[in-house]
Amino acid sequence: MNAPILLLVCISCISSCDSRLSSRSVNQQGKTLVELCQRYPTDKCPYHHNYVEFYEALFSPLKNQRIRLLEIGVLKGDSMKLWEAYFPEARIFGLDIYDKAEYDTERVKTLVADQGNRAGLTKAIAVTGRDFDIILDDGGHRMDQQQISFGALFPALKSGGLYILEDVHTSFPELYPGYGVDPDGQNSTYAMIDRFVRAGRIHSKYLTNAENDYLNNNISRCLYFFRPNKFHSDFFACWKK
Ligand SMILES: C[S@@+](CC[C@H](N)C(=O)[O-])C[C@H]1O[C@@H](n2cnc3c(N)ncnc32)[C@H](O)[C@@H]1O
């Protein structure tokens, strides 16, 4: 078996590269995510988790392509607007447990579904179609929701596509209580990632054998990102073969 490649990145190590990253990715057609955050202040922005600093490096090669992006979690539509502004050719889908149709535009379509319900996710994908370049989970952040969505939606990525599971820090009840972590912690999303690092295989108790197998057969590499700030901002990103 080929060992999966997992990169552990601590953002404090790369924050000194901030200005280099930003200047490299600015082009005539668009602003950087950090710049767009001034207009669309989601918690991915520098004032909070600052995932955008790292997303710039991951997303800038796709910036002007006709990509398909799906995000779980719409809230007030700020991240929909951020992606719409950053990716001028993208088709963007937002999935939320509540109706967010007020944020629909020519390129943004929202759908109602519970990310913890496979049947609901299957219905949503029947509407959006498959072959996503990027799927982001910024939804309810419970352990079952994060892992069921990962198992159910990873197949909807295109080859080479990227799945980002935001806010893995909800796996730490001492910091973020109420996200469904068992007393022994073994069901947490962080524990799933830790097992992947140690044993080279994804295993989630929330997933069927077929879903676990699909992930193990189709993940090419993953990255775990951690910022040692007061929020303990973490995300996990995996590319599809
Ligand atoms: C953190 S907010 C999303 C923020 C948004 N992505 C942004 O950056 O501006 C979380 C969203 O997830 C939605 N949500 C909560 N539980 C959910 C579930 N089970 N399925 C789908 N969406 C859910 C909430 O309604 C809320 O709009």
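Is segment 47-65 home to any residue that is basic (K, R), outside any loop (DSSP other than H, G, I, E, B), more than 9 Å from the ligand (Cβ to nearest atom) and over 14 Å from I164 (Cβ atoms)? Looking for residues that are basic (K, R), outside any loop (DSSP other than H, G, I, E, B), more than 9 Å from the ligand (Cβ to nearest atom) and over 14 Å from I164 (Cβ atoms), one finds none in segment 47-65, hence no.
Filtering segment 148-167 to residues that are in a helix (DSSP H, G or I), under 12 Å from the mean Cα position of the chain (by Cα) and not hydroxyl-bearing (S, T, Y) leaves F150, L153, F154. Residue check: is E71 more than 9 Å from the ligand (Cβ to nearest atom), charged (D, E, K, R) and either modelled with pLDDT of 95 or more or part of a helix (DSSP H, G or I) (or both)? In short, no. The condition (being surrounded by 22 or more Cβ atoms within 10 Å (Cβ to Cβ), at pLDDT 95 or above and among the charged types (D, E, K, R)) is satisfied by just one residue among D144, D138, D104: D138. Quick one: which of A126, A152, A113, A90 is closer than 22 Å to R68 by Cβ, away from the ligand (no atom under 13 Å from the Cβ) and touching a residue at least 12 places away in the same chain (Cβ under 8 Å)? Residue meeting the stated conditions: A90.
Can you find a residue that is more than 16 Å from the chain's Cα centre (by Cα), at pLDDT 50 or above, hydrophobic (A, V, I, L, M, F, W, C) and surrounded by 13 or more Cβ atoms within 10 Å (Cβ to Cβ) anywhere in segment 35-58? Yes, the conditions are met somewhere in segment 35-58.
Could you tell me whether G120 is touching a residue at least 12 places away in the same chain (Cβ under 8 Å) and either under 21 Å from E211 (Cα atoms) or touching a helix residue (DSSP H, G or I) at 6+ places or on another chain (Cβ under 7 Å) (or both)? Judged against the criteria, G120 is not a match. With respect to the conditions (1) more than 10 Å from the ligand (Cβ to nearest atom); (2) crowded, with 20+ Cβ neighbours inside 10 Å; (3) of a type in the set (S, T, N, Q), S79 falls short on a single one, namely (1). Taking H203 as the residue in question, decide whether it is within 21 Å of D114 (Cα to Cα) and modelled with pLDDT of 95 or more. Judged against the criteria, H203 is not a match.
If you go through segment 191-220 and keep only what is closer than 17 Å to A156 by Cα and either assigned to a strand (DSSP E or B) or touching a residue at least 60 places away in the same chain (Cβ under 8 Å) (or both), you end up with L207, E211, N212, Y214, L215, N218, I219, S220.
Would you call Y190 crowded, with 22+ Cβ neighbours inside 10 Å, modelled with pLDDT of 95 or more and not charged (D, E, K, R)? No: the conditions fail for Y190.
The values are calculated or read from the model by the stated rules, or taken from the named source; none is laboratory data. What you see is a predicted model; the values in this text were computed from it and never measured. Counting neighbours? That spans all protein chains shown, and the Cβs are built from the backbone with ideal geometry, glycine included.
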